[in-house]
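Asks: Got a structure here, written out as C-alpha cells. Questions coming.
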Amino acid sequence: MHSFSRRRYFSVFKDESKLDINYIPLHLPHRGSKLSFLNLLFRFVVERPGKMAQRVLITGMVGTGKTVLSQRFGLNKVKEAQDKGINLHYIHINCRECSGSLFLILQRAIVKFYPNFPRRGYSADELLHILIQILDERDAYLILAIDELEALIRGGGSDPIYKLTRVQENRLGAPQRLSLICILREPSHLETLDSSTRSTLQHNIIHLEKYSTPQLRDILYDRVALAFRSGAVSEQNIEFVAESAASDRGDSRYAIELLWRAGKYADTSDSSEILAEHIRKASVSIYPVIRKDQISSLKLHEKLLLLGIARRFKQTKVAYISIGEAEEAYAIVCEEHNKNPRKHTQIWKYVKELSALGILKTEISGIGQRGKTTLISLPKVPASDLEKELKNTLYAGRR
Ligand SMILES: Nc1ncnc2c1ncn2[C@@H]1O[C@H](COP(=O)(O)OP(=O)(O)O)[C@@H](O)[C@H]1O
Ligand SMILES: [Mg+2]
C-alpha cells in the first residue's frame, strides 16, 4: 500500500450547511411558546379556511430568531394543511432584497405560482389583484411573510401595507385568502404609519426577547450535533461561544457564525477539534475589539499579569483558567523580567481592572467544581495576538 502523503485531510465539520443562515432547524429551543402562539393565531387556516384572514407582527432585535420562527411556522402549517387537503402556501419575502418595493414583493410572490410571469407591464395594484385572482382560481390560501418590513416602510410609507391589509375588504362574502406575517426589528418604525394601518398590525404582536447565555447554549448544542463531527467541539467551548455571543449582543446569528468561523480556523490549523484560541480568532475576525493604545497604557504589572495569562491560554486547550493558575503564570513572567511579583490582593485588583476594561472576563466557578474559585477567560482576543502586543510594549518600555 502506498501512502502518498502523511497529511490527513479531515474536517471538524460533518455538515457545514447546518450552520448556514438559511437552514431551518426542525426544533427551535426556547421559541416553543411563540410557535404555539402563532399556531393559535392561525388555527382558523385549517379549521375554517377562508372565513378570516390574519395579520401578525413579529418584532425583536437582530438574531432573536424572527426569520427562522416564521419560516418554521410556515413549513409546519403548510404540511398540516396539506394533510387536511387544504391548498395553503407560505411565501417568505425579504423587503430589503426587494429594495422596499411592493411591486417587487408581489412579483416574487406571483412567480412562485407562475414562474414565467412577465416582469413588466403591471402596476403594484394590478399585481395585488392578480395575486388574489390566482388564489381564487386555485382555491388556495396564502400566508405572506414580509421580512425586514422597515425597508418597505422606508420605501413607501403606509401605502403598501395599507394595500396589503385591505385588499380583501372590497370582496365582501368572498373567501379571505391572504394572511400576513410582518417582521420588524424596531416597533418604533410603526409610528410613521397612519393610525389605522398601525392598529391593524399592532393587534397581534409577538415580541422576541434577546437570548440569555443558557438559551444560546441550548441552540448551539443542537447545531453542534448537526454540523460537527462528534468530539470536535467540547462542552466548555460551546459554553464559551454562548457567553461571548451573549455578552456582546445575545445574538444567535453571531453565535452560529462564531461557531462556523472557529471551525474554519480549526480546519486551517489542521486541528481535529475547535480550541478556545480558534474561537478567539473567529471573534476578532468578526469584529476586532482590543485596541493597541489600551494595552500600552496598562500598568507594568498589569501587563506582566496579562502576558502570563496570554501565555497560559496559548499553551492549554482550555477556555477558562483559575485565578491561582493566572498567578503562577504571572510569577514566571516576573522572574523573566526580574521583577518582584505583587501580592495576591494586588493581583486581584489587577484582574478586576482588566475585566472592567473588557480584556479579561471573570466569573465564579459553577457546579461540578469543588469549592468556589474565580475563573478567568479571554473572550475577545486571541492569546497569540495579545502576547505579541504585550511583548512589543514591554520591550519598548525597556529602551
Ligand atoms: N430558537 C432557535 N433555535 C435554533 N436556531 C435558532 C433559534 N433562534 C435563532 N436561530 C438561528 O440563529 C440565526 C439567526 O436567526 P434569525 O431568525 O435569522 O434571526 P433574526 O431574523 O431575528 O435576525 C439563524 O441561523 C437561526 O437559524
Ligand atoms: Mg431576520
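Asks: Excluding the sites themselves, what is the longest stretch of the chain that contains no chymotrypsin sites (Phe, Trp or Tyr not before Pro) in a DSSP loop with at most 16 other C-beta atoms within 10 Å? Walk me through the numbers on the way to the answer.
Replies: Working: sites that count: F4, Y9, F10, Y23.
Of all site-free stretches, the longest is 24-399.
Asks: Ok, one more. Springs between alpha-carbon atoms under 10 Å, Gaussian network over the chain: tell me which of H278, H207, H129 tops the mean-square fluctuations.
Replies: Largest GNM mean-square fluctuation: H129.
Asks: What are the extents of the Cα atoms of the range 21-106 along their three principal axes, listed from largest to smallest and rounded to whole Å?
Replies: Computed over the range 21-106, the largest-to-smallest principal extents equal 35, 35, 21 Å.
Asks: Ok, one more. Dividing the convex hull volume of the Cα atoms of the range 31-208 by its residue count, what figure in Å³ per residue is obtained? Could the numbers behind the result be given before it?
Replies: Values: hull volume 19.9 nm³, N = 178.
Cα-based convex hull of the range 31-208, divided per residue, equals 112 Å³.
Asks: If one puts a single equal scatterer on every Cα of the chain and applies the Debye formula without solvent, what log₁₀ I(q)/I(0) results at q = 0.07, 0.13, 0.14 Å⁻¹?
Replies: For the requested q values the scattering log ratios are -0.47, -1.05, -1.14.
Asks: Something else now. Among the trypsin sites (Lys or Arg not before Pro) within the range 116-220, which fall in a DSSP loop and have no more than 14 other Cβ atoms within 10 Å of their own Cβ?
Replies: Numbers: sites: R119, R120, R138, R154, K163, R166, R171, R177, R185, R198, K210, R217; in loops: R119, R120, R171, R177, R185, K210.
Taking the range 116-220 and a limit of 14 other Cβ atoms within 10 Å, the loop trypsin sites (Lys or Arg not before Pro) found are R119, R120, R171.
Asks: Specify which residue in the list V167, I183, T197 is farthest towards the positive end of the charge dipole of the range 137-207, using unit charges on the beta carbon of Lys, Arg (+1) and Asp, Glu (-1), about the Cα centre.
Replies: V167
Asks: Over the Cα atoms of the range 292-398, compute the convex hull volume and normalise it per residue, giving Å³.
Replies: About 99 Å³ per residue, rounded to a whole number.
Asks: Work from the charge dipole of the range 211-286 (Cβ charges, +1 for Lys and Arg, -1 for Asp and Glu, about the Cα centre) and give the residue of S283, P214, A225 farthest towards its positive end.
Replies: Going by the charge dipole, the pick is S283.
Asks: If I take every Cα pair under 8 Å that is 6 or more residues apart in the chain, average their sequence separation and divide by the length, what percent do I get for the relative contact order? Before the final figure, lay out each step's value.
Replies: Numbers: 554 pairs, mean separation 71.8, N = 399.
Reported relative contact order: 18 percent.
Asks: Pairs of Cα atoms under 8 Å, at least six residues apart: use those to get the relative contact order of the range 1-132, whole percent. Show your work: numbers first, answer last.
Replies: Details: 59 pairs, mean separation 21.4, N = 132.
Relative contact order for the range 1-132 comes out at 16 percent.
Asks: Most fluctuating residue of L298, L69, L378 in a GNM of the chain with Cα springs under 10 Å: which is it?
Replies: Checking each option, the largest mean-square fluctuation is seen for L298.
Asks: Then there is this: Which one, I364, I183, I206, has the greatest fluctuation when you compute a Gaussian network model over the chain with C-alpha springs under 10 angstrom?
Replies: Per the Cα network of the chain with a 10 Å cutoff, I364 tops the list.
Asks: Divide by every residue of the chain the summed helix terms, -39500 (n - 2.57) for each DSSP H run of at least 4, and state the resulting mean residue ellipticity at 222 nm, rounded to the nearest 500 deg cm²/dmol.
Replies: Details: 17 runs with 204 residues, N = 399.
That comes out to -16000 deg cm²/dmol.
Asks: If eta is 0.890 mPa s and T is 25 °C, what Stokes-Einstein diffusion coefficient results for the range 230-369, Kirkwood Rh from Cα pairs, in µm²/s?
Replies: Working: Rh = 16.3 Å.
Answer, rounded: 151 µm²/s.
Asks: Now for a different question. Tell me, what does the Kirkwood hydrodynamic radius of the range 211-286 come to in angstroms if you use every pair of distinct C-alpha atoms?
Replies: Values: mean 1/r = 0.0843 Å⁻¹.
Final number for the Kirkwood radius of the range 211-286 is 11.9 Å.
Rule-based calculations on the coordinates, nothing more; no lab input. Computed from a predicted structure; not experimentally measured. Positions of Cβ are generated from backbone atoms using ideal geometry, with glycine treated the same way; all protein chains shown enter the neighbour counts.
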